[in-house]
Amino acid sequence: MSNSVPDALPAAATGPDGRLAAPAVTRNRDVILDVLRPLLPASGQVLEIASGTGEHLVHFARALPGLTWQPSDPSPAARASIAAWAGAEGLSNVLPPLDLDAAAAEWPVTQADAIVCINMIHISPWASTQGLLAGAQRLLPPGGVLYLYGPYRRADVPTAPSNEAFDADLKRRNPAWGLRLLENVAALAGTHGLILERVVEMPANNLSVVFRRA
């Protein structure tokens, strides 16, 4: 799930070891890292939900070696790619990827100092967003950060034509997918003790959305 709005091309294999590559990652990983640096603690464990190819996570793990990174994805191919990327990079601060479905009532992890989720909410049913926010409430300590990245609708902001086209394409692929209204996500987050702290405009009509555990 590492595709961004105009970059919604499928991940492709890069070699026989199972590594996948998504074109959008090299275009957005550094701007995402710039937002994450001041948000994340100096040490602790960061859980990534829907790690996809694993490219974002290994980039962050290289840049922020004081943190332990826990990738996860429900896709076996994605988990194989994550493990292959971490192995190829020789990263000792990346844990083995977990089989984790955000919509599940229980996750195979019990704590995280921060949670990162990139480009999942629009390419998954609403139940996945509900599960993500409930899981963040269970796992995060007071003050812990939930970081979301991707395209959203906003009540008082016109939706970019590229996002409208992307939303239509998503709904053709799966009627349960599509761009979510940010206000709806924030309202649901509030019911789980997550306070919307910051929204950052990002390239290609994406947003960084920062919640903090009350």
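Some notes on this structure:
- Within the range 171-190, residues that are over 18 Å from Pro158 (Cα atoms) reach partners that are among the aromatic types (Phe, Trp, Tyr) with beta carbons closer than 6 Å, at six or more positions or on different chains, in the pairs Ala189/Phe211.
- Residue pairs meeting the criteria (Cβ under 9 Å; at least 6 apart or on separate chains; first farther than 19 Å from Gln45 by Cβ, in the range 103-125; second outside any loop (DSSP other than H, G, I, E, B) and acidic (Asp, Glu)): His122/Asp167
- Matching residues in the range 27-68 - criterion: being open to solvent by less than 10 Å² (accessible area, probe 1.4 Å) and of a type in the set (Val, Ile, Thr): Ile32, Val46, Ile49, Thr53, Val58
- Positions within the range 68-94 being more than 17 Å from the chain's Cα centre (by Cα), of a type in the set (A, V, I, L, M, F, W, C) and not in a helix (DSSP H, G or I), in sequence order: Leu91
- Single residue of the range 25-56 satisfying the filter (among the aliphatic types (A, V, I, L, M) and free of Cβ contacts under 8 Å to residues at least 40 places away in the same chain) that is farthest from Leu132 (Cα to Cα): Ala42
- Selected residue (criterion: surrounded by the most Cβ atoms within 10 Å (Cβ to Cβ)) from residues of the range 87-102 that are aliphatic (A, V, I, L, M) and either free of Cβ contacts under 8 Å to residues at least 12 places away in the same chain or closer than 26 Å to Asp17 by Cα (or both): Val94
The values are calculated or read from the model by the stated rules, or taken from the named source; none is laboratory data. This one's a predicted model, so the numbers in the text were calculated from it and none came from an experiment. FYI the Cβ positions are ideal-geometry reconstructions off the backbone, even for glycines, and counts take in every protein chain you see. For accessibility, only protein heavy atoms count, side chains too; no ligands or nucleic acids. Shrake-Rupley method; radii C 1.70, N 1.55, O 1.52, S 1.80 Å.
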